[in-house]
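Each remark here refers to the structure printed beneath this line.
Values quoted throughout were computed directly from the atomic coordinates according to the rules given, and no laboratory measurement underlies them. As the structure is a prediction and not an experimental result, all values here were calculated from the model. Here the Cβ positions follow ideal geometry from the backbone for every residue, glycine too, while neighbour counts run over all protein chains shown.
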Amino acid sequence: MSATDLRHRILLLELALASAEETGLLDHDHYTRSLQEELDWCRAAFVEAAVVEIAVLRAAAWGPLVG
C-alpha cells in the first residue's frame, strides 16, 4: 500500500472516529478500541511507506549511498 493510500485510509478512520463521537459510539469499548488500533496501525504504516518512498526517490535522483 502506498503512502497516499494509507493517508486516505487514515482520513477515513479519523472521520469514522469523529462520527462515532457524535453518535455516542465511543461508549462502546470494543468498537472504539478496534477503530483506534486500526488507526494506530495505519499511522505507523504510513510513516514507514513514506520513508521508503522518499528513499527510493532519493536513490533514483542521486544514486545509491556508498561508503
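Could you work out the helix-only [θ] at 222 nm for the chain, with each DSSP H run of four or more residues adding -39,500 (n - 2.57) and the total divided by the number of residues, to the nearest 500 deg cm²/dmol?
Calculated from helices alone, the mean residue ellipticity at 222 nm is -29500 deg cm²/dmol.
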Exercise for review: Please name whichever of Trp62, Gln36, Ala49 sits farthest to the positive end of the charge dipole of the chain, dipole taken about the Cα centre and charges placed at Cβ: Lys and Arg +1, Asp and Glu -1.
Suggested key: Trp62
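Å³ per residue of the Cα convex hull, for the stretch 3-61?
Expressed per residue, the convex hull around the Cα atoms of the stretch 3-61 is 52 Å³.
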Review point. Can you give the FRET efficiency for Ala44 and Ala20, using 1/(1 + (r/R0)^6), R0 = 25 Å, r = Cβ-Cβ distance, to the nearest 0.05?
Key: 0.75
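Suppose R0 equals 22 Å. What FRET efficiency, 1/(1 + (r/R0)^6) with r the Cβ-Cβ distance, do Thr32 and Asp5 give to the nearest 0.05?
According to the calculation, E is roughly 0.35.
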Review point. Using alpha carbons only, how many degrees (0 to 90, rounded to 10) separate the axis of helix 29-62 from the longest principal axis of the chain?
Key: 10
Review point. Val47: net charge of surrounding residues, Cβ under 15 Å, Lys/Arg +1, Asp/Glu -1, itself excluded?
Key: -1
